[in-house]
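Trainee: Sharing a structure here in structure tokens format.
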Amino acid sequence: MGQAAAPHVSKIMPELWALLTDMERESLMLWCRIVHVKKDDVIFEDNKMPDHIYVLHEGQVKLTQTRERTQIVQLVSSSDYFGHVPFLTGVEGGLRAVAIEDSVICSYPVLYLESILSANPSAGYFFLKELSARLWRNYRLLMSLTQKHLRGRLADAILLLRDTFGVEADGVTLKAKFSRADLSELCNMNRGNVTRTLREIELEGALSRSGRKIKINDLELLHEISKLG
């Protein structure tokens with residue numbers, strides 16, 4: 001990871017910035033650092049507690065957890081916070097953060113977050129809402145993984161990539177360039193099942209692929225596949 005030039009911190013985390021006092025803002029400016037990470041760079045490992053909180057400014061990041069196999073448990077897009085859940089829960093390790101593409105990240109020590117949460121109720125409420133929204137997204141992902149068949153799970157994964165990272169200027173091509181291995185980690189399927197199921201959905205006209213590029217040709221049909229599970 002390398003030091004990077006980037007916009008003012010207030011542009012990277014505007015919602016939190018608006019809630020801070022002048023002294024808290026000065027401290028944030030003093031402690032934060034902005035870095036470039038390359039595709040596949042590891043931001044923090046799963047064998048230790050992260051000592052920084054991270055905010056993604058540009059790019060894409062995934063958080064994974066490995067037990068018997070690697071599972072993507074969170075997709076991080078612009079302005080999302082990550083790295084603070086282990087600190088807030090007191091659970092050491094378990095999550096690994098990896099850049100999906102070249103990204104720009106702002107980070108600051110967890111001790112700074114602790115000081116804000118103990119002194120600024122508005123900032124504490126901001127993080128409560130942020131964590132609640134994440135809990136809901138994770139609940140929806142869990143329901144998909146445990147209650148849907150392969151087609152529904154893969155459709156949900158494609159829709160999640162669309163909702164999280166958006167689409168290109170053509171309005172149909174996903175910005176996220178996920179490999180089949182990445183998709184298998186996201187929807188808890190082996191690569192063979194991912195390949196076969198992608199092909200089925202493609203033949204039905206909902207999707208088309210070129211390498212890692214995925215186009216959603218019929219969004220309504222993809223939602224229907226998700227709904228049917």
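The values are calculated or read from the model by the stated rules, or taken from the named source; none is laboratory data. Everything quoted here is computed from the prediction, not taken from an experiment. For neighbour counting, all protein chains shown are included, and Cβ atoms are generated from backbone atoms with ideal geometry for every residue, glycine included. Each accessible area value is taken on the protein alone, full model and side chains, heavy atoms only, with ligands, DNA and RNA left out. Shrake-Rupley method; radii C 1.70, N 1.55, O 1.52, S 1.80 Å.
Trainee: In the range 146-174, which residues are in a helix (DSSP H, G or I) and open to solvent by 40 Å² or more (accessible area, probe 1.4 Å)?
Mentor: The answer is THR146, GLN147, LEU150, ARG151, LEU160, ARG162, ASP163.
Trainee: Any idea how many residues of the range 123-145 are of a type in the set (Lys, Arg) and open to solvent by less than 100 Å² (accessible area, probe 1.4 Å)?
Mentor: 1
Trainee: In the range 51-73, which residues are out of contact with any Asp or Glu (no Cβ under 9 Å at 6 or more places or on another chain) and not in a strand (DSSP E or B)?
Mentor: Those that are out of contact with any Asp or Glu (no Cβ under 9 Å at 6 or more places or on another chain) and not in a strand (DSSP E or B): ASP51, ARG67, GLU68.
Trainee: Continuing with the same structure: Residue pairs, Cβ under 7 Å, 6 or more apart or interchain, first in the range 123-149 and more than 20 Å from GLN65 (Cβ to Cβ), second open to solvent by 100 Å² or more (accessible area, probe 1.4 Å). List them.
Mentor: That search, which allows pairs on different chains as well, returns PHE126/GLU15.
Trainee: Residue check: is ARG137 more than 30 Å from LEU20 (Cα to Cα), part of a helix (DSSP H, G or I) and basic (Lys, Arg)?
Mentor: Here the answer is no, as ARG137 does not meet what is asked.
Trainee: Let me ask something additional. Under the condition of being in contact with a Gly (Cβ under 9 Å, 6 or more places away or on another chain) and among the hydrophobic types (A, V, I, L, M, F, W, C), which residue from the range 13-54 is most open to solvent (accessible area, probe 1.4 Å)?
Mentor: MET49
Trainee: ARG212 versus (1) in contact with a Phe, Trp or Tyr (Cβ under 9 Å, 6 or more places away or on another chain); (2) surrounded by fewer than 16 Cβ atoms within 10 Å (Cβ to Cβ); (3) closer than 14 Å to ASP156 by Cβ: which is the lone unmet condition?
Mentor: Every listed condition holds for ARG212 apart from (3).
Trainee: Now for a separate question. If you take the residues of the range 55-85 that are hydrophobic (A, V, I, L, M, F, W, C) and surrounded by 20 or more Cβ atoms within 10 Å (Cβ to Cβ), which of them is farthest from CYS187 (Cα to Cα)?
Mentor: First pass over the range 55-85, keeping only residues hydrophobic (A, V, I, L, M, F, W, C): 55-56, 61, 63, 72-73, 75-76, 82, 85.
Filter once more, keeping what is surrounded by 20 or more Cβ atoms within 10 Å (Cβ to Cβ): 55-56, 61, 63, 72, 75-76, 82.
On the way: VAL55: 25, LEU56: 23, VAL61: 17, LEU63: 14, ILE72: 8, LEU75: 12, VAL76: 16, PHE82: 21 Å.
Per the criteria, the residue is VAL55.
Trainee: So if I check each of GLU185, GLU220, GLU202, which one is open to solvent by 20 Å² or more (accessible area, probe 1.4 Å), closer than 23 Å to GLN65 by Cβ and either part of a helix (DSSP H, G or I) or in contact (Cβ under 8 Å) with a residue 40 or more places away in the chain (or both)?
Mentor: Of GLU185, GLU220, GLU202, the one residue that is open to solvent by 20 Å² or more (accessible area, probe 1.4 Å), closer than 23 Å to GLN65 by Cβ and either part of a helix (DSSP H, G or I) or in contact (Cβ under 8 Å) with a residue 40 or more places away in the chain (or both) is GLU185.
Trainee: Shifting gears a bit: When only residues in the range 87-109 that are closer than 23 Å to ARG69 by Cα and of a type in the set (D, E, K, R) count, which is surrounded by the fewest Cβ atoms within 10 Å (Cβ to Cβ)? Full working, then the answer.
Mentor: Filtering the range 87-109 down to residues closer than 23 Å to ARG69 by Cα leaves 91-101.
Right, trim to of a type in the set (D, E, K, R) and you get 92, 96, 101.
Values: GLU92: 12, ARG96: 18, GLU101: 16.
Only one residue fits best here, namely GLU92.
Trainee: Examine the range 84-98 for a residue that is under 14 Å from the mean Cα position of the chain (by Cα) and within 22 Å of TYR125 (Cβ to Cβ), and state whether such a residue exists.
Mentor: Checking the range 84-98: at least one residue is under 14 Å from the mean Cα position of the chain (by Cα) and within 22 Å of TYR125 (Cβ to Cβ).
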